[in-house]
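Taking it in order: structure first as structure tokens, then the write-up.
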Amino acid sequence: MMFSTTLTSAAVLLSLVLHASAHAMPLPALGVTGSPVRNDAQRLSTAKPCGNTDIASNLDKATAVPVEADGSTVMLNVTNFNPGADGSRSVSVLVDPTGTGKNFVSAKVTKNGDPAPKTNGSDKVTLSLPAGTKCTGGKTGNLCLLSVKSSAGFGACTVVSQLSSGSSDSTPSASASAAPVSTKVPCKSSKNKRRAVVRLFLFLPPSLSSVPSLSSAWCTNLRTGHPRRARPAHRV
């Protein structure tokens, strides 16, 4: 009976030792400066999706991973600190669009890491944010918080930044931003009115800007500023 109890206790202790060494985490990680070490990995849970890391004080100073141009794809490096299943680089991911750590929902991992790596190293993990996700966290208003948990129960949180929608199209094209060319020259004065000829070349090439017949087509009444067609000079 004592032998059986001893074996059971030894098995439990061995399991705890192995699980305690089951360290893997995403890079970069919230609250970690520079290259992470084994002790930086957190034990994640529903109550503590970022482990013991203080989210509020670290969110804005964290190194953010940019979301891809499609607005939903994220690529992360996941590294392990011991081989085997206990150092699994296979992860599940939660996302909080508010960056507060209080509104996590599941993200879809489309390319996962090695669940039982033979050596220490890193895998590139690809995931998709839920459709329609808009990152609103942080002072910049475009941060999402990810909770990245390995199949062995360890990991960390990381921050991603999302570009504003349509930001790639915010610069107007040259043709759209070019203002119409308008050149004013005086019309021939008369006893009742003084006029200015308005050359309107909205779509005319520069080579036509010197054609006299075009420039004499319109006049502007200097008193009202409204364009009106020029009248032919009266013959005396």
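The values are calculated or read from the model by the stated rules, or taken from the named source; none is laboratory data. Remember, it's a predicted structure, so these values are computed and weren't measured experimentally. All Cβ positions, glycine included, derive from the backbone under ideal geometry; neighbour counts span all protein chains shown. Accessible surface areas use protein heavy atoms only, side chains included; no ligands, DNA or RNA. Shrake-Rupley method; radii C 1.70, N 1.55, O 1.52, S 1.80 Å.
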Subset of segment 41-70 that is crowded, with 17+ Cβ neighbours inside 10 Å and among the small types (G, A, S) - its residue that is nearest to T133 (Cα to Cα): A64
Residues of segment 126-143 that turn out to be of a type in the set (A, V, I, L, M) and open to solvent by 30 Å² or more (accessible area, probe 1.4 Å), as a count: 1
Top-ranked residue in segment 101-119 [being aliphatic (A, V, I, L, M) and over 14 Å from N80 (Cα atoms); ranked as surrounded by the fewest Cβ atoms within 10 Å (Cβ to Cβ)]: V105
Condition check for T8: over 20 Å from the mean Cα position of the chain (by Cα) and modelled with pLDDT under 95: yes
Those residues of segment 29-40 which are out of contact with any Cys (no Cβ under 9 Å at 6 or more places or on another chain) and either surrounded by 12 or more Cβ atoms within 10 Å (Cβ to Cβ) or under 22 Å from A107 (Cα atoms) (or both), in sequence order: V32, T33, P36, R38, D40
Candidate set: segment 83-97, residues that are in a loop (DSSP other than H, G, I, E, B) and surrounded by 17 or more Cβ atoms within 10 Å (Cβ to Cβ); chosen: the one nearest to the chain's Cα centre (by Cα): P97
